[in-house]
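**Q** Before I ask anything, let me first share the structure, which is written out below as structure tokens.
The values are calculated or read from the model by the stated rules, or taken from the named source; none is laboratory data. None of the values given here were measured: they were computed from a predicted structure. We place every Cβ from the backbone using ideal geometry, glycine too, and count neighbours over all the protein chains shown. Note: areas computed on protein heavy atoms with side chains; ligands, DNA, RNA excluded. Shrake-Rupley method; radii C 1.70, N 1.55, O 1.52, S 1.80 Å.
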Amino acid sequence: MNAKLKTLLAAIVLAGGVVALAAQYREILRLRGQLNLSANSKISASGSRAEHVAALSKILNLAGTDQIQSMHQVLDFVDHLNPADAKGVLESFSKLPENAASDLAKSMVLTRWSEADPAAALAWAKSRTKFDGRSADIATVFQAWAAKDPSAALAAVNQVDDPRARDDIYQNVFARLAAVDPQAALATLSKMPPGQQPVDAYGEVFYTWAMQDPTAASAAALKLAPSLARNEAMQQLAYGWAQQDPTAALAWVNGLPAGNVRNGALMSALTSIAKDDPKAGTTYLASVPNGPTKNSLTVNFAANWATTDPTAALAWADNVTNGQTHDQAVQGILAQMSESDPAGAAKELEQISLASVRDAALPQLASAWAQKDIQGALTWVQSLPATDADGRNQAIRSVMGTWAQTDPVSAAAYALTIPRDPSFRGLTDVIVQNWANADPEAAYAWAQTVPADVALGSPLNTGAKSNSMRTALTAYANVDPQTAWNAAEQAPFDHLIQQDGPDGMLTKTLANIAIVWSSQDPAQAAASLSQLTPGSPANNATNVVVNNWAKQDPQAVSDWINTLPPGQTRDTAITQLVTVEGKNDLPTAFNWATSIDNPFSQSSALTSVLQEWAKRDPAAATAAVQSANFSPAQQARLQAVITQYSHQAALKN
């Protein structure tokens with residue numbers, strides 16, 4: 001195989017293969033075509049689904065012995081796959097071997113389909129669940145769609161219901177639009193309704209524009225109204241310009257008015273310069289007056305320099321900084337060193353004098369090391385001073401959590417063999433937490449097998465089994481809240497800890513499930529609250545359920561509350577409803593507050609409503625208090641609240 005192609009494929013293996021896949025897919029095929037390479041695994045466009053699956057299975061099994069060659073054959077398979085067959089192939093991946101080549105193949109098949117029929121590919125991706133990789137699949141579809149037809153992709157973005165995923169997609173789409181015509185991209189972005197304009201998309205537009213014409217981009221950025229979007233535009237403009245001409249970029253930034261906007265743009269420009277021309281950056285920093293701004297710029301510059309040359313960055317930091325600035329700069333450098341040389345980073349960490357910086361760096365280093373070498377990370381953690389129990393605990397938890405993300409079975413087995421050590425506590429819970437993100441059912445099955453009296457090194461961990469089951473069932477609720485609820489009611493919680501009562505493990509677990517349930521079906525979640533023993537966990541669950549439900553359908557919440565008998569659950573629900581909806585309908589909120597049975601809760605809710613009402617209409621608030629069935633003392637106290645807040649509102653006006 002050609003060395004250049006092999007290097008490109010190897011880079012994909014090391015990078016995980018999926019995130020930048022759509023951007024690399026056609027480039028790899030183009031390069032392979034130039035080199036006239038083939039893996040001899042062509043699939044006929046008329047091949048059956050069974051033939052496709054059989055061919056893919058053979059290719060993916062090869063990954064165990066030759067990952068690069070396997071990925072090369074994946075490329076050949078996808079290149080000759082009929083897009084009409086992509087859906088069937090994608091739905092067969094659960095039956096295929098799981099490895100890096102499998103992830104690559106799935107993403108490339110989805111990309112191939114998205115190029116031919118993005119609407120159908122998007123519909124399929126949206127039908128997936130969180131645990132099937134729904135968000136990643138949707139992102140893959142839009143990445144391919146935006147590359148082919150960014151305008152059509154933009155029109156379809158509103159079909160994505162996850163706000164964070166939608167913002168990420170907007171970035172990709174507007175970057176594609178800006179590559180063709182940055183002025184038109186900005187005009188399109190500016191026409192979006194206020195509040196719906198994705199801030200990060202402004203950054204993509206101006207970064208792309210700066211790479212083409214930084215002078216025109218800077219003139220357009222300065223015309224934007226002051227806002228977070230303008231700040232993002234200025235920062236990304238400075239970053240892109242500094243890649244082209246560091247001197248000109250810094251001169252432009254220096255010409256901006258002093259303040260946060262200038263500081264942000266300067267930080268962004270130096271971030272770019274640190275990676276491409278660190279000497280220019282150090283020269284500039286030497287001219288900056290001493291003070292908080294210079295310290296902040298120095299710390300950020302050192303961390304970014306370390307992405308390309310941590311040794312040089314560390315030597316520079318040791319030479320030009322001292323005290324807290326030095327320790328923070330070294331922490332940033334160590335974060336980058338942890339990715340490439342965790343053992344070297346560990347040695348440098350020993351020299352850190354500031355305890356808070358060291359404590360923050362320990363878990364970060366542990367996680368990075370565990371991603372590269374689990375055994376090496378475990379050995380290092382065990383070598384940490386026994387006197388630093390908290391540091392050891394944070395480090396081991398990071399290692400075990402990282403391990404559980406890739407091989408939870410091995411991590412779980414190892415956790416139960418650790419000798420008694422007070423530093424190593426809470427490990428079963430962190431393993432289950434990470435395991436459950438991918439497979440909550442398997443995580444819960446394992447949690448039930450944890451010995452009831454396991455201490456994992458410390459009596460502080462008695463109850464590890466119950467805590468682990470609670471964590472797994474809470475995650476399970478994301479997939480199937482009713483099944484999780486039923487399982488919790490039958491769960492074999494630890495006999496060594498309190499199971500029943502308001503603060504018992506069963507109530508805590510059911511409360512957690514109700515909270516998760518409320519984001520999917522708040523009415524069903526609310527119905528489950530009646531089964532909780534009143535107490536702090538139940539109150540917390542009621543607050544969250546009512547909060548989520550009231551934002552969708554406040555009338556339904558009111559109807560539900562009317563069915564509740566007097567008691568703590570009803571009082572808690574009314575209090576939360578008043579908190580969420582009170583400002584929208586103060587008279588109704590006041591009436592609800594008066595119906596609360598608990599005197600303290602009633603007083604608190606009434607005070608909250610009257611504080612707002614007094615600012616808007618003190619006469620109406622006074623009339624409501626006078627007509628209510630309050631004692632003279634209550635009326636006097638509430639009237640005092642109205643007088644105080646109406647007076648404050650008058651002074652402000």
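**Q** Do we find that Ala315 is open to solvent by 10 Å² or more (accessible area, probe 1.4 Å), within 23 Å of Lys275 (Cα to Cα) and not aromatic (Phe, Trp, Tyr) in this structure?
**A** Numbers: open to solvent by 10 Å² or more (accessible area, probe 1.4 Å): yes; within 23 Å of Lys275 (Cα to Cα): yes; not aromatic (Phe, Trp, Tyr): yes.
Against the criterion (open to solvent by 10 Å² or more (accessible area, probe 1.4 Å), within 23 Å of Lys275 (Cα to Cα) and not aromatic (Phe, Trp, Tyr)), Ala315 qualifies.
**Q** Against the conditions (1) without any contact (Cβ under 8 Å) to a residue 24 or more places away in the chain; (2) of a type in the set (A, V, I, L, M); (3) within 25 Å of Ile138 (Cα to Cα); (4) surrounded by 14 or more Cβ atoms within 10 Å (Cβ to Cβ), where does Met192 fall short? Just the number, please.
**A** Going through (1) without any contact (Cβ under 8 Å) to a residue 24 or more places away in the chain; (2) of a type in the set (A, V, I, L, M); (3) within 25 Å of Ile138 (Cα to Cα); (4) surrounded by 14 or more Cβ atoms within 10 Å (Cβ to Cβ) one by one, Met192 breaks only (4).
**Q** Check segment 176-185 and report whether any residue there is within 25 Å of the chain's Cα centre (by Cα) and either among the hydrophobic types (A, V, I, L, M, F, W, C) or under 20 Å from Asn263 (Cβ atoms) (or both).
**A** no
**Q** Given the criteria open to solvent by 10 Å² or more (accessible area, probe 1.4 Å), touching a helix residue (DSSP H, G or I) at 6+ places or on another chain (Cβ under 6 Å) and closer than 26 Å to Leu90 by Cβ, does Gln171 qualify?
**A** The answer is yes for Gln171.
**Q** Mind checking which pairs have a first residue in segment 502-526 that is acidic (Asp, Glu) and a second that is modelled with pLDDT of 90 or more, Cβ under 8 Å, 6 or more apart or different chains?
**A** Filtered contacts from segment 502-526: Asp521/Pro481.
**Q** List the residue pairs whose Cβ atoms are under 7 Å apart, where the first residue sits in segment 246-265 and is closer than 19 Å to Leu224 by Cα, the second is in a helix (DSSP H, G or I) and open to solvent by 40 Å² or more (accessible area, probe 1.4 Å), and the two are 6 or more positions apart or on different chains.
**A** Val253/Arg262; Leu256/Arg262; Val261/Asn231; Asn263/Thr293; Gly264/Asn231; Gly264/Gln235; Ala265/Gln235
**Q** Against the condition assigned to a helix (DSSP H, G or I), within 23 Å of Ala366 (Cβ to Cβ), among the β-branched types (Val, Ile, Thr) and at pLDDT 90 or above, how does Val330 come out, does it pass? Steps first, please.
**A** Working: assigned to a helix (DSSP H, G or I): yes; within 23 Å of Ala366 (Cβ to Cβ): yes; among the β-branched types (Val, Ile, Thr): yes; at pLDDT 90 or above: no.
Taking the combined requirement at face value, the residue does not satisfy it.
**Q** Among Ala389, Ala360, which is the only one that is touching a Pro at 6+ places or on another chain (Cβ under 9 Å) and open to solvent by 30 Å² or more (accessible area, probe 1.4 Å)?
**A** Ala389
**Q** Listed residues Ala179, Ala185; which is open to solvent by less than 30 Å² (accessible area, probe 1.4 Å) and in a helix (DSSP H, G or I)?
**A** Unique residue meeting the criteria: Ala185.
**Q** Does segment 491-507 contain any residue that is within 30 Å of Val580 (Cβ to Cβ), crowded, with 24+ Cβ neighbours inside 10 Å, at pLDDT below 90 and more than 25 Å from the chain's Cα centre (by Cα)?
**A** yes
**Q** Would you confirm, using the coordinates I've provided, whether Val479 is within 17 Å of Ala436 (Cβ to Cβ), crowded, with 19+ Cβ neighbours inside 10 Å and of a type outside the set (S, T, N, Q)?
**A** Answer is no for this residue.
**Q** I'm told Ser127 meets every condition in (1) under 30 Å from Ala477 (Cα atoms); (2) at pLDDT below 85 except one. Can you identify the failing condition by its number?
**A** The one condition Ser127 does not meet is (2).
**Q** Something else: Please specify each residue of segment 392-409 satisfying the condition of being open to solvent by 30 Å² or more (accessible area, probe 1.4 Å) and over 25 Å from Ala445 (Cα atoms).
**A** Gln394
**Q** Please find, within segment 365-382, the residue that is farthest from His326 (Cα to Cα) out of those that are open to solvent by 60 Å² or more (accessible area, probe 1.4 Å) and at pLDDT 90 or above.
**A** Applying the first criterion (open to solvent by 60 Å² or more (accessible area, probe 1.4 Å)) to segment 365-382 yields 371-373, 375, 379, 382.
So of that shortlist, the ones also at pLDDT 90 or above come out as 371, 373, 375, 379.
Values: Gln371: 27, Asp373: 29, Gln375: 31, Thr379: 28 Å.
It comes out as Gln375.
**Q** Applying the selection to segment 134-185, what residues are in contact (Cβ under 8 Å) with a residue 60 or more places away in the chain and among the β-branched types (Val, Ile, Thr)?
**A** Scanning segment 134-185 gives a single hit, Thr140.
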